[in-house]
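**Student:** I'd like to ask some things about the structure below.
The values are calculated or read from the model by the stated rules, or taken from the named source; none is laboratory data. Note that the coordinates shown come from a computational prediction; the quantities given were computed from them, not determined experimentally. Cβ sites come from the backbone with ideal geometry, for glycine too, and all protein chains shown count toward neighbours.
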Amino acid sequence: MEYIESLRVFRSIVESKSFTRAADIHGMTRPAVSRAMAALEERIGCRLLNRTTRQISLTEAAERFYEGCVRILDDLDTLEANVANHTREADGVLRLVAHTTAALNRLVPLIARFKRDHPKVTLEVTLTERPVDLVADGFDVGVVVPYMITSETTVVRLLERMPFVIVATPHYLRASSTPRNPEQLAEHLFVPMLPSLRRPVITFRSDGADEVTMPLRFEVSSNNPTFNRDMVLQGLGIGIAPRDLVEPELASGKLVRLLTDFQLVDDTVDILLAYSNRALMPAKVRAFIDYAAAFFADLTASR
């Protein structure tokens, strides 16, 4: 195996923390990856990776070698990109991960238009609510919310801020009461996100400098805002939902907004475009990043 290719394999092992994932990335077998690393270690004359049956760790020498390896590969990729990028057409498989609710009313038109303009790109779309590591999980790009980012090296770009509203059904309010101030929320049940994803509290900014924070009582919680909305529609409590998610129910009267005279703290969530921090990115990834940024900019400008 050529030396440069063995450096690329080494980098993939370090970033994905797996020989198997590195093999998948490079279209190799796992034994071939092991042989490539053995040859690389023999060439430089020292051990780079400590291997056990459960994990891989870098030696002290490997940490320095990895930093230099990244610089060399990025410089080489940039050099090649400068020659080829102007004529390269976006093609191949683009693996996209997106937060299920953040993509609401956004992802389908975005992908449909992108696909029409880039017919040679095939998209594999994964919708999830969980944290992701783009490199380790094999994704090219993500449309995500902040808690989903697990790597400090991930590059993020703000696409949109999604506002939240407090809602309940008229039936629920008739059966209990309509809260007139934040303190009265203590008398009510909520249907919140899982506590592991979002703290079960709600904070309001008062007229002065102080903030009012109320803990949420709940008997049902989940990792999916759409599920939570449907539980609220069943009368199981008050919801704190993305406005776009409940817009049809607000318009029809199935849900009503609460405490509109009080300002929520953290009343929006950032929708982010995420991709790996590398000097060169494939034409398909660059094309999608540029397209998504323009698409969301148009949405914001049209409001």
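Quick grid of which residues meet (1) in contact (Cβ under 8 Å) with a residue 40 or more places away in the chain; (2) closer than 19 Å to K284 by Cα:
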site	(1), (2)
L110	yes, yes
K120	no, yes
V156	yes, yes
P170	yes, no
H188	yes, no
P195	no, no
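**Student:** I'd like the residue in region 92-122 that is part of a loop (DSSP other than H, G, I, E, B) and either outside the structural domain of S276 (by TED's automatic domain parsing) or not small (G, A, S) (or both) and, out of all such residues, is surrounded by the most Cβ atoms within 10 Å (Cβ to Cβ). Explain how you work it out, then say what you get.
**Tutor:** Our first condition is that a residue be part of a loop (DSSP other than H, G, I, E, B); within region 92-122, this holds for 100-106, 118-120.
The next check asks that each one be either outside the structural domain of S276 (by TED's automatic domain parsing) or not small (G, A, S) (or both); those that pass are 100-101, 104-106, 118-120.
Values: T100: 16, T101: 22, L104: 17, N105: 13, R106: 20, H118: 19, P119: 10, K120: 11.
Per the stated criteria, the residue is T101.
**Student:** Shifting gears a bit: Just name the residue that is modelled with the lowest pLDDT out of those in region 235-279 that are in contact with a helix residue (DSSP H, G or I) (Cβ under 7 Å, 6 or more places away or on another chain), surrounded by fewer than 19 Cβ atoms within 10 Å (Cβ to Cβ) and under 30 Å from I72 (Cα atoms).
**Tutor:** Among residues in region 235-279 that are in contact with a helix residue (DSSP H, G or I) (Cβ under 7 Å, 6 or more places away or on another chain), surrounded by fewer than 19 Cβ atoms within 10 Å (Cβ to Cβ) and under 30 Å from I72 (Cα atoms), the one modelled with the lowest pLDDT is A279.
**Student:** Tell me whether region 128-139 contains one or more residues that are more than 22 Å from G237 (Cα to Cα), without any contact (Cβ under 8 Å) to a residue 40 or more places away in the chain and in contact with a Gly (Cβ under 9 Å, 6 or more places away or on another chain).
**Tutor:** So far as region 128-139 goes, yes, one or more of its residues are more than 22 Å from G237 (Cα to Cα), without any contact (Cβ under 8 Å) to a residue 40 or more places away in the chain and in contact with a Gly (Cβ under 9 Å, 6 or more places away or on another chain).
**Student:** Follow-up. Determine, yes or no, whether L245 is in the same structural domain as R174 (by TED's automatic domain parsing), in contact (Cβ under 8 Å) with a residue 60 or more places away in the chain and in contact with a strand residue (DSSP E or B) (Cβ under 8 Å, 6 or more places away or on another chain).
**Tutor:** Numbers: in the same structural domain as R174 (by TED's automatic domain parsing): yes; in contact (Cβ under 8 Å) with a residue 60 or more places away in the chain: yes; in contact with a strand residue (DSSP E or B) (Cβ under 8 Å, 6 or more places away or on another chain): no.
For L245, the condition - in the same structural domain as R174 (by TED's automatic domain parsing), in contact (Cβ under 8 Å) with a residue 60 or more places away in the chain and in contact with a strand residue (DSSP E or B) (Cβ under 8 Å, 6 or more places away or on another chain) - is not met.
**Student:** Here's something else I'd like to know. Is it the case that region 164-173 has a residue that's modelled with pLDDT of 90 or more, crowded, with 19+ Cβ neighbours inside 10 Å, within 23 Å of the chain's Cα centre (by Cα) and not in a helix (DSSP H, G or I)? Let's see the steps before the verdict.
**Tutor:** Pass one, region 164-173, residues modelled with pLDDT of 90 or more: 164-173.
Among the residues that remain, those that are also crowded, with 19+ Cβ neighbours inside 10 Å are: 164-169, 172.
Those still in the list that are within 23 Å of the chain's Cα centre (by Cα) too: 164-165.
From what is left, the residues that are not in a helix (DSSP H, G or I) are 164-165.
Checked against the condition, which is being modelled with pLDDT of 90 or more, crowded, with 19+ Cβ neighbours inside 10 Å, within 23 Å of the chain's Cα centre (by Cα) and not in a helix (DSSP H, G or I), region 164-173 yields at least one hit.
**Student:** Do you know which residues across region 180-191 are part of a loop (DSSP other than H, G, I, E, B) and at pLDDT 95 or above? Don't jump to the end; show me each part of the working.
**Tutor:** Kept after step one, since they are part of a loop (DSSP other than H, G, I, E, B), are these residues of region 180-191: 180-181, 188, 191.
Within region 180-191, H188, V191 meet the criteria.
**Student:** Consider V125 carefully, then state whether it is of a type in the set (V, I, T), under 30 Å from E67 (Cβ atoms) and in contact (Cβ under 8 Å) with a residue 12 or more places away in the chain. Can you show your working first?
**Tutor:** Details: of a type in the set (V, I, T): yes; under 30 Å from E67 (Cβ atoms): no; in contact (Cβ under 8 Å) with a residue 12 or more places away in the chain: yes.
It is false that V125 is of a type in the set (V, I, T), under 30 Å from E67 (Cβ atoms) and in contact (Cβ under 8 Å) with a residue 12 or more places away in the chain.
**Student:** If you scan region 133-144, which residues turn out to be at pLDDT 90 or above and either closer than 30 Å to S252 by Cβ or buried (at least 21 other Cβ atoms within 10 Å of the Cβ) (or both)?
**Tutor:** The answer is L134, F139, D140, V141, G142, V143, V144.
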